[in-house]
Amino acid sequence: MIGAMRDWLFLLVAGVAAGVIGTAGGITSLVSYPALLAIGVPPLAANVTNSVALLGSGSGAVLRAGGDVAGHRDALREWMAITIVCSLGGAVLLVLTPAGVFDRIVPFLVATGSLVLLCQPLIASALSRRGAHLSRATVVCLGACIAVYNGYFGAGSGILMLTLVLLSIEPVLHRANALKNVIIAGSDVLPAALFAALGTVVWHAVWPLCIGALAGGLIGPTVARRVPAQIMRVLIAACGLALALWLLFNP
């Protein structure tokens, strides 16, 4: 009984921290996924449990998005249509197939996204000087790939999506972060439903993590607005590189 209560409180606190970090622009799973492993949840079960529980942080972030997504309604509608379908495809891939080679490239995807985010101002400046921009086909293709990865595993998908949003539709970091939060939150619903129906969700771990993540998701956007953009960019990239290293050495 004492151990169960300790785990419940541990996951509640981890959920708050994960929600703040994720919705402020970092990686929610950097905290929540290892927290589930720490209380003894097996890796695959931790992955699907994490996906269901983190609907809490997504809900909190969407409630706080407000004016930060103003003017992007059409873009959101288009992005959501693509990412919802592709995220569900990634979830189906996870349910039907073994992890295999895909898991081995995940750390490098997360590290690449983190480095691109760190260099985003330089990339945007170079594109501007050349009068160039990411083509619609490139953005759609990259968005679809990120969404598949989001449904399959998810850790670091927020950084990849944030980087793409910054390079394509919104150069202001805290506004791009709000757009990313809405896109990812919408994309997470169907995979979570699939995992709840077919996956090995550990329900007693879902509730404290979800409640904490909801609270953190409400706090995170305020943090994103108040922290200077360059500092936030470095912190987010550092979180991404830390996760990449963790995934690389803890397959």
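Every residue, every condition in (1) at pLDDT below 80; (2) over 14 Å from W246 (Cβ atoms), yes or no:
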{"site": "R6", "(1), (2)": "no, yes"}
{"site": "V13", "(1), (2)": "no, yes"}
{"site": "A24", "(1), (2)": "yes, yes"}
{"site": "I27", "(1), (2)": "yes, no"}
{"site": "L30", "(1), (2)": "yes, no"}
{"site": "A35", "(1), (2)": "no, no"}
{"site": "P42", "(1), (2)": "no, yes"}
{"site": "A46", "(1), (2)": "no, no"}
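Given the conditions (1) in contact (Cβ under 8 Å) with a residue 40 or more places away in the chain; (2) buried (at least 24 other Cβ atoms within 10 Å of the Cβ), and given that V140 satisfies all but one, which numbered condition is not satisfied?
(2)
What are the residue pairs meeting all of these: first residue in region 148-159, first residue on the phi > 0 side of the Ramachandran plot and assigned to a loop (DSSP other than H, G, I, E, B), second residue surrounded by 24 or more Cβ atoms within 10 Å (Cβ to Cβ) and not polar (S, T, N, Q), Cβ atoms under 7 Å, and 6 or more apart or on different chains?
As it stands, the answer is G156/I27; G156/V110; G156/G113; G156/G240; G156/L243, since those pairs meet every condition given.
Outside any loop (DSSP other than H, G, I, E, B), buried (at least 24 other Cβ atoms within 10 Å of the Cβ), at negative phi and among the hydrophobic types (A, V, I, L, M, F, W, C): which single residue out of A4, A61, A45 fits that description?
A61
So, S87, is that one at pLDDT below 80, out of contact with any Phe, Trp or Tyr (no Cβ under 8 Å at 6 or more places or on another chain), crowded, with 16+ Cβ neighbours inside 10 Å and of a type in the set (S, T, N, Q) or not?
Here the answer is no, as S87 does not meet what is asked.
The values are calculated or read from the model by the stated rules, or taken from the named source; none is laboratory data. Quantities reported herein were computed from a predicted structural model and do not represent experimental measurements. All Cβ positions, even for glycine, are placed from backbone atoms using ideal geometry, and neighbour counts span all protein chains on display.
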